[in-house]
Amino acid sequence: MTLSSPISTGPAPETAETAQVGLLHGAGYVGGELIRLLAAHPHTALQTVTSRTFADQPIGAAHPSLQGQVNHTFAAPSDVNLGALDALLVAAEHGQSMRVIPELMAGGFDGSIVDLSADFRFSDPAVYPEWFDTEHPAPELLNEAVYGLPEWSGDVAGASLVANPGCYATGITLALAPLAQNDVPFTAHVTVLTGASGSGATPSAATHFPDRDGNVRPYKVLDHQHGPEIQQTLGPHVTLNFVPASGPWARGIWGTAQIEWKSSVEPNAVAGWYKEAYGTAPCVRCSPGLPSLQPTVHTPFCDLGWKHEGTTLVVGFALDNLLKGAASQAIQNLNRALGLPKTAGLLPPPAPASAS
């Protein structure tokens, strides 16, 4: 999918119906955020949450903070009644969805599926052996899947399969897409730091507290799998040099992109580009100056800001990797696929205009 133009983010028609939703593989960090959001969603009912490890145990066994808020019990994947569901969210690890989802669709499930893994983000099946060390078992579904970056992707209303973007890819693409719209070739030198929750709930040396605390560790320099995902959206006229790093905090992504533009940037030009792209985007907040991380944590927003001098432009971005980088963005895509209000379950509904 190549960048074309910003997508309208106006309100969707209100609906009185309640969508019946299931969550597969809901025991991880992102699964916990999805359960919390769906439990409070005004237009959905969370019918089932699966986990092999926690089957038949209460949700609180994996997510203690949800005790007293959610009364569900984890179900084994084989016990799900798919016929009772209008939509599925799949929060499996990379490599699992590409096998599970084709089986679900072949078995007759015809509702909307939002997949949070990388398994359907690429239209070219050759990406998978190169970047994920596996052949894709269902390449015919890659063109059917819609890449779901709400501010830039195509219409997903009624889509059978939506590929939720990666967390790094979300921040970097939102930061660079208004510039890529100009069709001017440029190189972006991007450095991004992410919190430990981005590595998932399974402990590892990379997330071990004594190694992570007070430390910054670069990894997969110029070789991260989100690189081709970003490139696929921005287009070949953008050259991306991407340096990811682990930061000493639990959640949140903060980064900068330094760009040498073709000529001096007019004082109001950059603000105009970002206003045109995101002026009606409810989950992107723009302002001059580089953003801080903390205001975005536990929110569904990506904050963008910029600073430029002459031909040098620096764009900063910040977001919560578990929310706008995963769960809340999946809810945006679920809302879009089902024709629900775009920010239902994420932001308070707009206050009615007072009569005058």
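The values are calculated or read from the model by the stated rules, or taken from the named source; none is laboratory data. Keep in mind that this is a model prediction, so the values were computed, not measured. Because the Cβ atoms are built from the backbone with ideal geometry, glycine has one as well, and the counts that use them run over all protein chains shown. Each accessible area value is taken on the protein alone, full model and side chains, heavy atoms only, with ligands, DNA and RNA left out. Shrake-Rupley method; radii C 1.70, N 1.55, O 1.52, S 1.80 Å.
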Q | Label zone at Thr187 (point 7 Å along Cα-to-Cβ), backbone N below 18 Å, the range 229-258 | A | 231, 235-244, 256-258
Q. In Å and whole numbers, how far do the C-alpha atoms of the range 41-166 stretch along each principal axis, longest first?
A. 45, 31, 29
Q) In straight Cα distance, which aspartates and glutamates are under 17 Å from Lys220, not counting same-chain residues fewer than 8 positions off? A) Glu130, Asp133, Glu229
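Hey, with R₀ at 30 Å, roughly what FRET efficiency would Gln96 and Gln69 work out to, going by the Cβ-Cβ distance, to 0.05? It would help to have the intermediate numbers written out before the result.
Working: r = 27 Å, r/R0 = 0.91.
That pair, Gln96 with Gln69, gives E of 0.65.
Taking only protein heavy atoms into account and a 1.4 Å probe, give the accessible area per residue of the chain in Å². Before the final figure, lay out each step's value.
Working: 15520 Å² over 356 residues.
Accessible surface, normalised per residue, equals 44 Å².
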(Q) Loop only by DSSP, 13 or fewer other Cβ within 10 Å of the Cβ. Give me the trypsin sites (Lys or Arg not before Pro) in the range 313-348 that pass, ordered by residue number. (A) none
**Q.** Convex hull per residue volume in Å³, alpha carbons only, for the range 200-356
**A.** 170 Å³
Q | In nm, spacing of pseudo-spin labels at Ser78 and Glu266 (7 Å Cα→C-beta vector) | A | 6.6 nm
Q: Specify which labelled value, from (i) 5, 23, 31, 24, 10, 4, 1, 0; (ii) 5, 25, 35, 25, 9, 2, 0; (iii) 5, 22, 24, 17, 12, 9, 6, 3, 1, 0, agrees with P(r) over Cα pairs in 10 Å bins from 0, in percent derived from the coordinates of the model shown.
A: (ii)
Q.
Antiparallel versus total DSSP beta bridges in the chain: what percent is that, nearest 5?
A. 45 percent
Q) Got the relative contact order for the range 206-356 handy, in percent, Cα pairs under 8 Å and 6 or more residues apart? A) 19 percent
Q | Per-residue [θ]222 nm for the chain (sum of -39500 (n - 2.57) over DSSP H runs n ≥ 4, rounded to 500) | A | -6000 deg cm²/dmol
Q | Surface share of carbon and sulfur [accessible, 1.4 angstrom probe, percent] for the range 289-343 | A | 53 percent
